[in-house]
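Reviewing the structure listed below.
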Amino acid sequence: MMTVTLRIWRTSNVFVDFTVTVPAGGTVIDAIERVFAQPETELVWRHACHHASCGSCGVRINGVEKLPCVTPLADYPSGKPITLQPLAHLPRIGDLVVDFAPFFERMQAVGMPIIRADETVQATTGVALDNRQDMRFEDCIECGLCVSACPAMANPRFLGPAALAAAERLVQEPRGADLGALLQLVDSTAGVWSCRSSYQCTAVCPSGVDPAGAIIRLRKSL
Ligand code: SF4
């Protein structure tokens with residue numbers, strides 16, 4: 001077992017330290033769960049899969065966007081507090097949780113690709129369903145880490161790295177999409193021309209999407 005101190009940015013906009021004991025070799029989410037297990041802390045946070053699949057637990061750890069479920073505590077110096085803050089550039093709901101509505105609005109704006117016609121529920125099972133809510137584009141787990149890390153997100157109209165990566169995926173493989181309208185949307189200050197090519201999005205992406213590379217390819221397409 002090992003002792004860890006988490007320094008959590010609370011809803012009240014103050015850092016509060018919590019010292020917990022976790023199994024040696026654990027991850028940051030193990031320590032968060034120990035804090036959450038103390039009802040009096042009333043910690044607000046979100047998580048689900050525990051293996052970097054759902055993308056729901058993203059936070060800033062010592063100022064860097066991470067998924068705590070796959071971030072080893074051993075990555076941080078022992079004896080020093082580990083700071084936890086919610087993702088940036090999305091409205092805060094409480095403690096470590098942000099509202100993803102603006103994130104999905106941006107994904108929707110680019111058509112939120114992509115699912116093949118022969119991969120729909122209706123095609124594979126014969127059951128007709130509105131499965132738009134299940135549409136995803138390859139690799140992205142919609143964790144929002146790239147949006148939080150992006151320096152251009154100060155522009156509230158900017159589509160941001162995840163949505164632009166989705167748009168570029170659609171340009172690669174349109175599957176009947178209206179590419180003219182899509183390229184018009186991204187050929188703007190809300191689109192690829194606000195990107196500063198800092199590659200922060202690519203650096204923090206836990207899923208190898210490389211949004212910055214996608215934005216560069218979109219610029220070449222334009
Ligand atoms: S592009 Fe990467 S960092 Fe951005 S939402 Fe998708 S998986 Fe997360």
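In a residue-by-residue description of segment 81-92, the property of being without any contact (Cβ under 8 Å) to a residue 24 or more places away in the chain, more than 14 Å from the ligand (Cβ to nearest atom), touching a Ser or Thr at 6+ places or on another chain (Cβ under 6 Å) and within 20 Å of Cys150 (Cα to Cα) applies to no position. Remark: pairs (first residue in segment 200-211, assigned by TED's automatic domain parsing to the domain that holds Ala88 and in contact (Cβ under 8 Å) with a residue 24 or more places away in the chain; second residue more than 8 Å from the ligand (Cβ to nearest atom) and assigned to a loop (DSSP other than H, G, I, E, B); Cβ separation under 9 Å; 6+ apart in sequence or on different chains) are absent. Restricting attention to segment 5-28, the residues that are in a strand (DSSP E or B) and closer than 19 Å to Leu73 by Cα total 13. Out of all the residues in segment 80-98, which are in contact with a strand residue (DSSP E or B) (Cβ under 8 Å, 6 or more places away or on another chain), surrounded by 15 or more Cβ atoms within 10 Å (Cβ to Cβ) and assigned to a loop (DSSP other than H, G, I, E, B)? Matches in segment 80-98: Pro81, Pro86, Leu87, Ala88, Leu90, Asp95, Leu96. Asp210 meets the conditions (1) within 18 Å of Ala109 (Cβ to Cβ); (2) acidic (Asp, Glu); (3) within 15 Å of the ligand (Cβ to nearest atom) in every case but one. The failed one is (1). The residues of segment 50-79 that are closer than 20 Å to Asp95 by Cα, part of a loop (DSSP other than H, G, I, E, B) and of a type in the set (A, V, I, L, M, F, W, C), listed by number, are Cys54, Cys57, Leu67. For the residues Ser188, Ser198, the requirement of being touching a Pro at 6+ places or on another chain (Cβ under 6 Å) and surrounded by fewer than 17 Cβ atoms within 10 Å (Cβ to Cβ) singles out Ser198. If you filter segment 137-168 down to residues that are surrounded by fewer than 15 Cβ atoms within 10 Å (Cβ to Cβ) and modelled with pLDDT under 95, you find that the one that is nearest to the ligand (Cβ to nearest atom) is Asp139.
The values are calculated or read from the model by the stated rules, or taken from the named source; none is laboratory data. Not measured: the values here are computed from a predicted model. Here the Cβ is made from the backbone with ideal geometry for all residues, glycine too, and neighbour counts use every protein chain on show.
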